[in-house]
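Before any comments, here is the structure.
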Amino acid sequence: MKHGNRTAGRWWWILLPPLLLCSCAAYLNQDATRQFAARPADISLTVFPVHVVKGGKLDHDEALARRVAEFLRAEKLAQPTVVATLVEIPVRWRHNQAKMAQTSARAFAQHVKETGLQTDYALLGEILCTPDERVIGVHYFVCDRAGRLANGGLTNSHWEEFQTVKPANRQDGCEVLTRMLQRIWQEDKPDS
């Protein structure tokens, strides 16, 4: 009987990655998501400094933003422009990564809505770390000019990109981020 209870108590772990993905998609605007999926191959994209969240403290990393932009340009996924503008998002550490992503996504959307964009879209990456900078999660958010959330992603140790890279620091976290962008954006990549 104990064996059955132990097995029954663990079945929900199978559902965790799909649940996280669904909760991540909950903050996206459906119209903006459809428009992003139908985007031309040469969209212009503002890339903000990557947020590195270490134990509740926020660090803005422009070098990682440049790395993301170089990747997007090389893969012909966008025409990126890196900006030094800091997006100040109040970080509230939670046990629920999906809620953290949702909070950051909405704050980013509000920032874009209030400040405006010179490009078609804006991208913000977010790397969640322990205080010693061991990566435990990666998010990204894309807004259109109106500040509508058009695309986003969330990953952690349950996802292939994370398991492949085994991120030990922010640079590895950026590698996870670019792999996420490649997988998700290649799936719906518009014709050139």
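The values are calculated or read from the model by the stated rules, or taken from the named source; none is laboratory data. Given the structure is predicted, the values throughout are model-derived calculations rather than measurements. Every residue, glycine among them, receives a Cβ derived from its backbone with ideal geometry; neighbour counts consider all protein chains shown.
May I ask you to say which residue of Leu45, Leu124 is of a type outside the set (S, T, N, Q), in a strand (DSSP E or B), at pLDDT 95 or above and in contact with a Leu (Cβ under 8 Å, 6 or more places away or on another chain)?
Leu45
Filter segment 143-178 for residues that are part of a helix (DSSP H, G or I), touching a strand residue (DSSP E or B) at 6+ places or on another chain (Cβ under 8 Å) and at pLDDT 95 or above; which is nearest to Tyr121 (Cα to Cα)?
Ranking the qualifying residues of segment 143-178, first place goes to Leu177.
Assuming Glu88 fulfils every condition listed in (1) free of Cβ contacts under 8 Å to residues at least 60 places away in the same chain; (2) assigned to a helix (DSSP H, G or I); (3) among the charged types (D, E, K, R) apart from one, which condition is it?
So Glu88 meets the others, but not (2).
Might you check whether a residue that is at pLDDT 95 or above and under 20 Å from Glu187 (Cβ atoms) occurs anywhere in segment 2-22?
No, the conditions are met nowhere in segment 2-22.
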